[in-house]
1. Under the definition of Cα pairs under 8 Å and six or more residues apart, what whole-number percent is the relative contact order of the chain?
2. Dipole size in debye (nearest 20) for the chain around its Cα centre, Lys and Arg Cβ +1, Asp and Glu Cβ -1?
3. Using the Cα atoms of region 82-129, I'd like the radius of gyration and the largest Cα-Cα distance, Dmax, both in angstrom.
4. If you roll a 1.4 Å probe over the heavy atoms of the protein chains, what accessible area per residue do you get for the chain, in Å²?
5. Under DSSP H, which helices of the chain have Cα atoms covering 20 Å or more of the helix axis and a Kyte-Doolittle average no less than 0.0?
6. From a point 7 Å beyond the Cα of Arg27 in the direction of its Cβ, which residues of region 149-176 have a backbone N at a distance under 20 Å?
7. Can you compute the helix-only [θ] at 222 nm over the chain? Use -39500 (n - 2.57) per DSSP H run of at least 4 residues, normalise by all residues, nearest 500 deg cm²/dmol.
8. Heavy atoms of the protein only, probe of 1.4 Å, neighbouring chains included. What is the accessible area of Met134 in Å², nearest 10?
Amino acid sequence: MTVPLDLAFFLRFLDRATRVIVAEAARLTDLDAAIGDADHGANLKRGFTSAESVTAAAADGGTTPGALLTAVGAHLTNTVGGASGPLYGTVLRRMGKILGDDPVVAPETLGRALAAAVASVRRLGDSAPGDKTMVDALQPASDAYAAALERGEVTEALDAAARAAREGAAATVPMRARRGRASYLGERSVGHQDPGATSSALLVTALYEATDPELCAVGPVAEAAGPEAVTETEPPAGRVGVVLVSHSREVAAATAALARALVGTGDPAPAAAAGGLPDGGVGTSAELVRRAVAEADQGKGVVVLCDMGSAVLTVKALLTEGTLGAADVRIADAPFVEGAVTALVTASAGGDMAAVLAATDDARTYRKL
Ligand code: ADP
Ligand code: MG
């Protein structure tokens with residue numbers, strides 16, 4: 001039996017995905033406790049449950065599978081807070097783009113969407129199979145789908161994809177992590193299953209389960225939320241702005257204060273901090289990054305200094321998405337504190353974008369021994 005890959009199918013997928021993420025959140029967080037920072041389940045639970053406002057708006061029709069996945073993807077980038085947020089956000093947005101405006105998706109198109117989504121995760125995360133990340137579940141899933149579709153129907157192809165994803169996740173146990181937080185542990189990351197590969201296997205399995213309407217009847221969904229407020233500021237006279245994106249609210253704010261204090265003229269260019277999550281927790285918030293960019297933008301461009309992991313990934317994803325407003329935003333490839341100081345000193349002296357980026361480049365190569 002085959003089901004149409006229509007809006008109802010993708011709504012069933014998202015509903016099933018949300019339920020399974022909620023049910024498995026504690027296990028995902030436990031896996032992340034072993035080789036990360038014990039937040040993967042909580043991150044995904046926050047993102048998927050709040051995405052119900054986006055799916056509710058789509059549930060009464062009037063949208064396409066592509067538009068639905070794109071909207072939910074953008075929502076995940078905005079709300080998940082860990083490295084997995086921009087990565088899963090990219091997966092869904094890329095799939096949505098490939099699905100386009102088709103009201104019913106052809107199985108071959110879904111295959112192309114899966115392949116493109118995996119390629120975009122690999123690009124954004126600079127990761128490959130064997131690095132002990134979600135790619136170790138997603139790549140085999142996409143490959144298995146394509147191979148199985150040559151021989152049979154979409155249901156079998158999704159079944160094959162889900163099995164391959166689960167096997168791929170299990171195969172991360174003996175791997176040594178080369179990307180993400182777990183890579184900081186080196187050899188000690190061996191012997192644990194990767195949390196992101198585990199959640200990927202759950203999500204691909206949810207995609208397969210969506211082929212069975214009886215298994216996952218779409219229940220009532222939460223009220224639609226109003227459109228997100230994005231603050232746009234009209235730039236006054238212009239200097240290059242500096243935005244500091246750290247996992248910690250205190251680190252971002254204190255680094256901005258240090259950089260301002262070190263500007264000799266006492267008249268610093270705009271420096272805006274986007275540290276931590278909106279509730280003060282540790283992580284990266286796309287919404288805070290957007291607000292900081294708007295605050296720092298005086299029409300002459302904005303240079304962003306990031307600390308690590310999800311800070312870098314979130315800013316890169318927002319740049320690819322094009323949702324950072326009108327500002328010309330560039331990431332500086334420099335250490336956080338030193339880069340922030342040189343960027344702000346140069347911007348305050350009236351340096352243009354090229355001068356500020358060159359200054360941060362010097363900060364990167366400045367040797368301490
Ligand atoms: P964080 O690591 O910022 O706390 P999460 O705990 O939500 O974020 O997600 C961790 C998962 O994200 C990892 O288990 C891994 O699968 C995935 N991940 C992290 N960095 C990368 C990367 N560079 N490429 C691919 N996947 C990654
Ligand atoms: Mg984590």
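The values are calculated or read from the model by the stated rules, or taken from the named source; none is laboratory data. Since the structure is predicted, the reported quantities are computational estimates derived from the model, not experimental observations. Cβ placement follows ideal geometry from the backbone for every residue including glycine, while neighbour counts extend to all protein chains displayed. When the accessible area is computed, the model is the full protein with side chains, heavy atoms only, and any ligands, DNA or RNA have been set aside. Shrake-Rupley method; radii C 1.70, N 1.55, O 1.52, S 1.80 Å.
1. Numbers: 785 pairs, mean separation 57.6, N = 369.
Dividing the mean separation by the residue count of the chain yields 16 percent.
2. On the way: 32 positive and 44 negative charges, 205 e Å.
That gives a dipole near 980 debye.
3. Looking at region 82-129, its Cα Rg and Dmax stand at 11.3, 33 Å.
4. Working: 15760 Å² over 369 residues.
Accessible surface, normalised per residue, equals 43 Å².
5. On the way: long enough: 7-35 (38 Å, 0.83); 65-79 (21 Å, 0.65); 84-99 (22 Å, 0.22); 107-125 (27 Å, 0.42); 135-151 (24 Å, 0.02); 154-170 (24 Å, 0.11); 195-209 (21 Å, 0.75).
Span-like helices, by this rule, are 7-35, 65-79, 84-99, 107-125, 135-151, 154-170, 195-209.
6. The answer is 159-175, whose backbone nitrogens lie closer than 20 Å to the label point.
7. Details: 14 runs with 209 residues, N = 369.
Computed ellipticity for the chain at 222 nm equals -18500 deg cm²/dmol.
8. 10
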